[in-house]
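The values are calculated or read from the model by the stated rules, or taken from the named source; none is laboratory data. Remember, it's a predicted structure, so these values are computed and weren't measured experimentally. Virtual Cβ from ideal backbone geometry, glycine too; neighbours counted across all protein chains shown.
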Amino acid sequence: MRKVPFADFQPLHNKIEEEIAQQFQEVYRSNWFINGKKVDEFEEAFAKYCNSKYCIGCGNGLEAIELILKGFDIGKNDEVIVCAHTFIASALAISKAGATPVLVDAKLDYYLMDVDKIEEKITDKTKAIVAVQLYGQACDMDKINTIAKKYNLKVIEDAAQSHGSLYNGAKVGSLADAAAFSFYPGKNLGALGDAGCVVTNDEHLAKKVREYANYGAIEKYHHNVKGMNSRLDEMQAAFLNVKLKYLDETNQFRRQVAEQYLQNINNKEIILPQVAPTNEHVWHIFAVRTQERELLQNYLAENGINTVIHYPIPIHQQLAYQEMSQESYPNAEEIANTVLSLPMYYGMNQEDIEYVINTINQYSSEKEKAKILHK
Ligand SMILES: *Cc1c(COP(=O)(O)O)cnc(C)c1O
C-alpha cells in the first residue's frame, strides 16, 4: 500500500544538505556560537523579507509573543484579546507575560478570529489584540487595526504559521505594531531545532525586546529590567540563512498542492478551506472539515494517508485554562470537532497528491459505518 506521510523534511533537506553542512562547518570552526555574524545576517535578511525595519532573533515563537508584550509593558492587570481557535502558545504567551487572555470566537469561513466580536470584549484593561495568522493566511487586519486605533490598543501578529503570506499585497510581519515568528522545524520556514524572532518597525520596541531577551541588559552586566534569556543561536541562524533563500519556492510548491486539492476534491461530505480575497495563502496547514471526522481520519489511515488535527481542543476547554471552562465559543468548538489537516509539504510527489485526492473522493461515512457494523 502507498504511504503518504503528513509532512516530510527530506525533499528540501536532501536538496540543501551541502549548503547546511557548509554552514555547520563555518560556525563550528568560527568558535563563536551566540550573538555573532550569522544572527546579524539572518536578522537583516528576514527584516528585509518582511518589509520591516527590525528583526530580533529569540528562542522560539512563544517567547517572541511574550517579548513583544513585555516590550510594550503589557502584563499584570492587563487583558489581551486572542482567538479561541489557535495553538495554545498564542494564549500561553499572554499568560506568561502576566496578562490575561480574553477570547474571541473564530469564523467558519477562514478559521480565523471573528473581528465583529472583538469590540464586545474590550474593557478598560484591554491593551492589545493578538491576531493569529492561522494555517497560512492573515486575519482581517484592516478591521483589527481600525478597532485598535479607536481604543488605543497594540496589535501583535502571531505569524508562526504564515511566513511569506500576503495581505492586500503586504507581507505578514508588516501588518501591525509587531509580529512574532516561530522557526520550529515544521513551520514554513523552520530551523533544525527551536528558534523564533520578533519583527517590527517600532525602534523603541525593538530596543526593549532586545533588552528583555538579553537578561534585561543592553550594555553587558547592566541590567535595567528583570529580563530573560531567549536567543537565536549562531548555528540555527546559519541554517535559517540557507532555508530563507528557499522559502518562496517552497511556499509556491505548497500553493500548487493546495490548488490541486481545491480543484479536485469533490466529495460532498468534505468542506474545503477558503482563502480570503485579500490574501495570498502559504498553506502551512491544509485543513478540511467534516462532520464524522474520526471516520474520515481512520479511513485515510487505513489507506496509508497520515493526517493530523490542528487543533482538537479550543483554548477555553483546555485544562490549563480551567477558569474559562464556562465560556462558550461555538465556532471554535465546531472547528475543533470537525477539522482535519491533509498531507502538505514541499516536494510531495504528484502520485501521492493524486492518491490523496482520489482516496478522499471515494470516502463515504455511510460505507465506513457499515464496515464497522459488519466487523
Ligand atoms: C508554533 C506556533 C507558536 C509557537 O511557536 P514555538 O516556536 O513552537 O514556541 C505560536 N503560535 C502559533 C500559531 C504556532 O503555530
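Could you identify the single residue in Tyr184, Tyr212, Tyr135, Tyr111 that is among the aromatic types (Phe, Trp, Tyr), within 14 Å of the ligand (Cβ to nearest atom) and either modelled with pLDDT under 95 or not in a loop (DSSP other than H, G, I, E, B) (or both)? Write out each step before concluding.
Working: Tyr184 fails: either modelled with pLDDT under 95 or not in a loop (DSSP other than H, G, I, E, B) (or both); Tyr212 fails: within 14 Å of the ligand (Cβ to nearest atom); Tyr111 fails: either modelled with pLDDT under 95 or not in a loop (DSSP other than H, G, I, E, B) (or both).
When all the criteria are applied, what remains is Tyr135.
Inspect all residues belonging to segment 170-181 and state whether any of them is near the ligand (Cβ under 10 Å from one of its atoms), part of a loop (DSSP other than H, G, I, E, B), within 14 Å of Leu244 (Cβ to Cβ) and touching a strand residue (DSSP E or B) at 6+ places or on another chain (Cβ under 8 Å).
no
Assuming Lys48 fulfils every condition listed in (1) of a type outside the set (Val, Ile, Thr); (2) touching a residue at least 24 places away in the same chain (Cβ under 8 Å); (3) on the phi < 0 side of the Ramachandran plot apart from one, which condition is it?
(2)
Taking segment 265-310 as the search range and keeping residues that are hydroxyl-bearing (Ser, Thr, Tyr) and part of a loop (DSSP other than H, G, I, E, B), which one is farthest from Tyr355 (Cα to Cα)?
The extreme case among them is Thr278.
Under 8 Å between Cβ atoms, at least 6 apart or on separate chains: pull out the pairs that start in segment 342-365 with a residue that is closer than 12 Å to Tyr261 by Cα and end on any residue that is among the small types (Gly, Ala, Ser) and part of a helix (DSSP H, G or I).
Met344/Ala258
Do we have Leu192 as within 16 Å of the ligand (Cβ to nearest atom), in a loop (DSSP other than H, G, I, E, B), touching a Pro at 6+ places or on another chain (Cβ under 7 Å) and modelled with pLDDT of 95 or more here?
Yes.
Failed condition for Lys220, given (1) of a type in the set (Lys, Arg); (2) farther than 20 Å from Asp158 by Cβ; (3) surrounded by 20 or more Cβ atoms within 10 Å (Cβ to Cβ), with all others met?
Here Lys220 clears every test but (3).
Could you list, in sequence order, all residues of segment 196-224 that are charged (D, E, K, R) and under 18 Å from Glu66 (Cβ atoms)?
The first filter runs over segment 196-224 and keeps only residues charged (D, E, K, R), leaving 202-203, 207-208, 210-211, 219-220.
Passing the criteria: Asp202, Lys207, Lys208, Arg210, Glu211.
So which of Ala99, Ala131, Ala93 is crowded, with 21+ Cβ neighbours inside 10 Å, more than 14 Å from Tyr329 (Cα to Cα) and out of contact with any helix residue (DSSP H, G or I) (no Cβ under 6 Å at 6 or more places or on another chain)?
On inspection, the qualifying residue turns out to be Ala99.
Do you know which residues across segment 199-237 are more than 15 Å from Cys55 (Cα to Cα) and of a type in the set (A, V, I, L, M)?
Ala217, Ile218, Val225, Met228, Met235
So which residues in segment 215-259 are polar (S, T, N, Q) and in a loop (DSSP other than H, G, I, E, B)?
Scanning segment 215-259 gives Asn224, Ser230.
Being outside any loop (DSSP other than H, G, I, E, B), farther than 20 Å from Phe286 by Cα and in contact with a strand residue (DSSP E or B) (Cβ under 7 Å, 6 or more places away or on another chain) is the filter here; which residues of segment 91-108 pass it?
Residues of segment 91-108 outside any loop (DSSP other than H, G, I, E, B): 91-96, 100-104, 106.
Then keep just the ones that are farther than 20 Å from Phe286 by Cα; that gives 91-96, 100-104.
Passing the criteria: Ala91, Ile94, Ser95, Thr100, Pro101, Val102, Leu103, Val104.
Mind checking which residues of segment 276-315 are of a type in the set (D, E, K, R) and more than 30 Å from Asp248 (Cβ to Cβ)?
Glu292, Arg293, Glu294, Glu302
Need pairs with beta-carbon distance below 6 Å; first residue of a type in the set (Phe, Trp, Tyr) and within segment 54-66, second part of a strand (DSSP E or B); sequence gap 6+ or separate chains.
Tyr54/Thr200
If you scan segment 147-169, which residues turn out to be away from the ligand (no atom under 16 Å from the Cβ), over 19 Å from Lys117 (Cα atoms) and either free of Cβ contacts under 8 Å to residues at least 40 places away in the same chain or part of a loop (DSSP other than H, G, I, E, B) (or both)?
Hits for segment 147-169 are Asn168, Gly169.
In segment 114-132, what residues are within 24 Å of Gly164 (Cβ to Cβ), more than 12 Å from the ligand (Cβ to nearest atom) and part of a strand (DSSP E or B)?
Selection gives Ile129 alone.
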